[in-house]
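One structure is given here, and the rest of the page talks about it.
Every number here is computed from the coordinates shown, using simple stated rules; none is lab data. Everything numeric in this text was worked out from a predicted model, so none of it was measured. With ideal geometry, Cβ positions are generated from the backbone for all residues, glycine too; neighbour counts draw on all protein chains shown.
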Amino acid sequence: GAVVSQHPSRVICKSGTSVKIECRSLDFQATTMFWYRQFPKQSLMLMATSNEGSKATYEQGVEKDKFLINHASLTLSTLTVTSAHPEDSSFYICSPGPLGQETQYFGPGTRLLVL
Amino acid sequence: QKEVEQNSGPLSVPEGAIASLNCTYSDRGSQSFFWYRQYSGKSPELIMFIYSNGDKEDGRFTAQLNKASQYVSLLIRDSQPSDSATYLCAVRNSGYSTLTFGKGTMLLVSP
């Protein structure tokens with residue numbers, strides 16, 4: 001399967017600060033990156049889909065100005081949570097594409113806690 | 001609205017027993033079906049996927065798909081305490097769409 005890394009694995013920050021999460025596809029070129037969020041005891045919810053070199057597509061209800069996604073290369077995509085608030089505390093997980101894969105693998109996730 | 005439904009559990013089985021996990025989905029256009037295992041605090045890891053009606057076996061795991069009933073299940077034979085986790089069912093309606101996940105079923109295997 002695909003080897004995916006995320007950094008940091010865990011972050012605690014104060015309300016109002018910005019947090020950047022990096023996702024790296026280590027063994028294949030990811031033209032697409034899916035970003036998911038998972039609240040406790042809830043399902044994984046797709047937040048946005050990023051394509052290398054173009055703007056990300058956000059799911060309904062996800063603020064594009066709050067969750068900035070950059071997919072500048074085939075191996076790196078970043079998600080920046082701007083002006084984080086306690087309700088943004090969640091488990092953020094990336095998953096590389098391209099679409100059409102038989103399977104979908106996930107990064108190890110980043111646990112964000114906003115105080 | 002595409003929905004994937006799972007019983008949240010917990011499903012408790014003794015070690016060595018067969019665990020049966022079930023999932024229903026609403027979109028008849030769904031084409032591929034996935035089972036993931038998620039340990040507490042970790043991201044999901046793929047167990048297996050199935051496309052065609054019937055059974056697909058991989059080691060101790062068997063996925064069963066019935067498209068007419070919009071039902072997919074996962075059987076775990078010879079359950080081990082290390083199988084204790086939350087099992088997520090996910091559905092994709094074509095090769096060019098993302099996955100829709102259920103909320104997961106927590107499985108507890110007692111020694």
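A few points about this structure:
- Within the shell defined by Cβ-Cβ distances under 14 Å, the residues around B:Phe101 carry a net charge of +1, with Lys and Arg each +1 and Asp and Glu each -1.
- Building the convex hull from the alpha-carbon atoms of region A:51-113 and averaging its projection over directions returns 5.0 nm².
- Cross-link reach is defined here as a Cα-Cα straight distance under 27 Å, omitting same-chain residues fewer than 8 places apart; for A:Lys66 the lysines meeting it are A:Lys14, A:Lys20, A:Lys41, A:Lys55, B:Lys2, B:Lys42, B:Lys103.
- Size descriptors for region B:50-94 (Cα atoms only): Rg and Dmax, in that order, 11.8, 35 Å.
- Taking amide H positions as modeled 1.01 Å from N, with prolines and chain starts lacking one, the residues under 5 Å from B:Met106 and 5 or more places away or on another chain are B:Gly9, B:Leu11, B:Tyr87.
- Peptide B:38-46 shows a mean partner chain C-beta count of 6 within 10 Å per residue C-beta.
- When chain A is reduced to its Cα atoms, the Kirkwood hydrodynamic radius in Å: 14.0
- Among the cysteines of chain A, those with no neighbouring cysteine Cβ under 4.7 Å are A:Cys13.
- Rg(Cα)/(2.2 N^0.38 Å) for region A:1-63, N = residue count: 1.26
- For region A:110-115, the Karplus equation 6.51 cos²θ - 1.76 cosθ + 1.60, evaluated at θ = phi - 60°, returns couplings of 10, 8, 10, 10, 10, 8 Hz by residue, with Gly and Pro reported as x.
- Percent of alpha-carbon pairs separated by more than 17 Å within chain B: 50
- For region A:11-20, backbone phi angles converted through the Karplus equation (6.51, -1.76, 1.60; θ = phi - 60°) give residue-by-residue couplings of 9, 10, 9, 7, 4, x, 8, 10, 10, 10 Hz, Gly and Pro being listed as x.
- Amide H within-cut-off set for A:Thr31, under 5 Å, with H built and near neighbours excluded: A:Gly97
- Partners for B:Lys67 among aspartates and glutamates (Cα-Cα distance below 18 Å; same-chain residues under 8 apart left out): B:Glu3, B:Glu5, B:Asp27, B:Asp55, B:Glu57
- For the protein assembly as shown, the normalised intensity computed at q = 0.14, 0.17 Å⁻¹ comes to -0.89, -1.22 (log10 of I(q)/I(0), Debye sum over alpha carbons, equal scatterers, no solvent).
- In order along region A:60-75, the phi-based Karplus estimate (6.51 cos²θ - 1.76 cosθ + 1.60, θ = phi - 60°) of 3J(HN,Hα) comes to 4, x, 9, 7, 5, 7, 8, 10, 8, 10, 10, 10, 7, 9, 6, 10 Hz; Gly and Pro are listed as x.
- Built amide H within the under 5 Å cut-off of A:Ala48, gap 5+: A:Trp35, A:Glu59
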